[in-house]
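Where a number appears in this text, it was derived from the coordinates with a stated rule and is not lab data. Please read these numbers as outputs of a predicted model, since none were measured by experiment. Note: ideal-geometry Cβ built from the backbone for every residue, glycine included; neighbour counts use all protein chains shown.
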């Protein structure tokens with residue numbers, strides 16, 4: 001007993017003070033990207049050519065970056081001869097509409113909160129059923145980590161439940177494999193109305209690396225309507241937490 | 001096992017396709033069976049379609065004690081006499097061959113689909129299924145126990161936790177499980193098939209997401225294969241950094257598993273500390289490459305990110321702090337009778353069963369089998385820095401937990417040494433085009449166990465065939481066997497003690 005208490009003291013308090021406190025992310029963290037097109041050589045398409053999923057397009061002095069496809073992999077950054085591409089440490093990436101995933105300037109239109117009635121229902125208590133539909137277990141792991149003492153998701157009234165019938169919505173990861181489509185549809189139907197759907201990670205948004213495979217369906221919204229898109233491969237736990245809190249109007 | 005019938009190779013050797021010994025099907029079968037009898041095991045057994053309705057079967061075998069690998073092949077058309085009846089470790093591989101290529105292993109005792117997809121050779125479905133009808137996952141004839149008081153429990157594909165999908169069927173008598181059958185394939189994304197002819201820029205991202213928690217393991221196996229085929233010498237510093245990343249991946253997952261095992265027996269102190277400590281290890285990976293899962297770190301030819309003095313000092317000091325916390329958290333487990341009572345004697349596998357099923361990684365070492373690629377078939381940094389194999393003998397949940405703990409200590413030791421004595425020099429080398437009509441076997445000890453990639457090139461040096469074997473592919477059957485005779489309520493605990501990958505299996 002003494003040893004248990006002694007260990008408890010040594011382990012200290014570890015919960016981050018998010019959203020109020022300072023966020024610390026490693027120097028090499030790849031968050032919101034940017035292209036300084038002023039530096040782009042004429043007709044250079046090296047970034048577009050290097051991108052594994054054709055998420056980046058540069059057209060003269062304009063660029064378009066599809067964060068729903070982006071794996072935040074640094075292949076483009078490395079291919080750029082002019083060092084015009086950079087990833088900031090801005091982890092806030094969640095949006096409500098798919099078209100808002102297209103970044104074409106310095107900022108992104110971050111997720112708006114739910115409507116009044118939905119917010120009244122879910123702001124202080126949101127129960128989610130997680131469905132992995134072809135996810136590689138990275139998104140799943142970094143969603144799961146939100147329930148640890150570090151992020152302590154439950155202090156925001158958000159939690160994961162075992163049954164879709166106890167849930168207010170689904171949190172989907174993976175490109176939706178053909179073999180999981182029916183299970184996903186059934187799970188969605190089992191959630192009582194009104195319900196929410198959150199797509200986490202490049203796969204769940206666009207199919208990710210598995211886009212256009214015959215065995216997958218290019219993301220959650222090919223099967224069910226999606227209310228919140230959280231980009232990343234996988235998204236940092238803070239990106240997911242930020243998205244959830246924005247959706248509930250708590251940020 | 002000797003003679004010209006088998007070619008002896010090493011981890012990371014390049015050989016010409018035409019040098020792979022070619023046997024008659026009966027001879028092929030005979031050699032595998034005799035090999036298994038004399039201490040060899042199947043690392044990979046797969047088919048590759050060749051001209052005129054033929055499928056070429058390749059077998060990669062290992063003898064861990066001798067540290068030798070061997071390779072042979074045989075051509076078959078639509079069937080061959082199954083190995084599984086006499087050699088259970090071929091079980092899953094032969095089902096896969098039947099599903100992918102429509103080649104029937106005649107006399108296979110349990111011939112069912114593995115991943116539930118269409119056959120890759122048109123019109124050769126091993127089960128004669130109607131090609132106009134959709135193949136549904138989990139629709140197969142499950143093993144059933146009959147009797148008045150026997151009941152069946154079906155779980156999944158969607159489970160209660162934040163976890164990947166799979167279907168489990170328990171044949172129970174009261175609480176007691178007679179048999180568990182595991183049916184997977186829900187995560188099947190068609191990776192192997194898409195690898196051939198896929199844009200090169202996408203291939204590496206398949207590797208990083210084959211099993212997301214084993215990003216470094218699979219990415220390293222692929223990089224190693226490509227480097228061998230292109231005869232590229234990877235700089236020493238890159239090899240050391242790969243070792244650092246691989247051990248960090250192991251530490252994060254082992255810490256997480258020890259916490260989850262504690263959680264499954266309702267021992268909350270360790271569960272909550274280790275849940276957090278797992279993240280601390282992931283953050284060390286992020287310090288090195290920006291991603292908690294090591295995404296973007298490995299490149300064919302080396303690594304992408306280097307460490308400076310300041311980074312190394314920070315890594316070392318954080319590692320020491322995390323390790324101290326982890327020791328405190330994990331040692332509580334071994335001191336708590338309530339935990340030990342639940343761990344010991346639960347989900348026991350005998351060394352014999354392990355050997356018969358060809359298990360690898362933690363479940364094998366927890367039965368006392370010394371199987372560890374880092375020791376038996378070392379590549380890269382492990383040729384210079386040897387890690388002793390951590391084993392335990394009881395084969396139960398405790399052994400699988402304790403082997404993890406032993407490995408954690410070895411890995412921390414390895415990291416401290418490597419970070420203190422990092423070789424100088426560049427961290428990557430430009431990769432040439434792969435040699436034409438060659439083959440290589442690339443083995444890496446991922447945190448779950450042995451990862452095997454086999455790559456073959458065509459006459460232009462493009463990838464002509466690529467075979468991935470995740471450790472989970474060997475080990476799922478081990479979980480099913482470990483549950484025999486156990487109460488069904490111990491399934492979560494047994495499952496967690498194996499913690500196998502669904503997507504690594506389903507590909």
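Numbers for the structure displayed
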item: Zone of residue B:341's modelled label, taken as backbone nitrogen in segment B:261-284 under 14 Å from a point 7 Å along Cα→Cβ; result: B:265-267
item: Inter-chain shielding of A:145-156 (mean C-beta neighbours from other protein chains, 10 Å cut-off); result: 3
item: Exposure proxy order (Cβ contacts within 10 Å, fewest to most) of A:91, A:229; result: A:91, A:229
item: Euclidean distance between Cα centres, segment B:60-75 to segment B:233-308, Å; result: 31
item: Expected 222 nm ellipticity per residue - DSSP helices of 4 or more, -39500 (n - 2.57), all of chain B, to 500; result: -12500 deg cm²/dmol
item: Order of A:28, B:29, A:13 - criterion: other Cβ atoms within 10 Å of each residue's Cβ, fewest first; result: A:13, A:28, B:29
item: Distance between modelled label sites at residue B:37 and residue A:112, nm, 7 Å Cα→Cβ extension; result: 7.5
item: Pairs of Cα atoms farther than 28 Å apart, segment B:238-377, %; result: 32
item: Rg/Rg_ref, chain B, where Rg_ref = 2.2 N^0.38 Å and atoms are Cα; result: 0.95
item: Efficiency of FRET from Cβ geometry, residue B:53 and residue A:13, R₀ 51 Å, rounded to 0.05; result: 0.15
item: More than 52 Å apart - percent of Cα-Cα pairs taken over the protein assembly as shown; result: 7
item: D (Stokes-Einstein, µm²/s), Kirkwood Cα radius, segment B:7-106, 0.692 mPa s at 37 °C; result: 240
item: Label-point separation in nm, residue B:459 to residue B:430, each point 7 Å along Cα→Cβ; result: 2.8
item: Full-extension gain in nm, residue B:122 to residue B:327, via 0.36 nm per residue minus C-alpha separation; result: 68.3 nm
item: Radius of gyration and Dmax over the Cα atoms of segment B:191-472, both given in Å; result: 19.1, 62
item: Gyration tensor verdict on segment A:116-247 (Cα atoms; rounded if a/c is under 1.5, prolate if a/b is larger than b/c, oblate otherwise); result: oblate
item: Estimated FRET transfer efficiency when R0 is 56 angstrom, pair residue A:166-residue A:44 (beta carbons, to 0.05); result: 0.60
item: Centroid-to-centroid separation of segment B:357-412 and segment A:116-148 [C-alpha atoms, Å]; result: 35
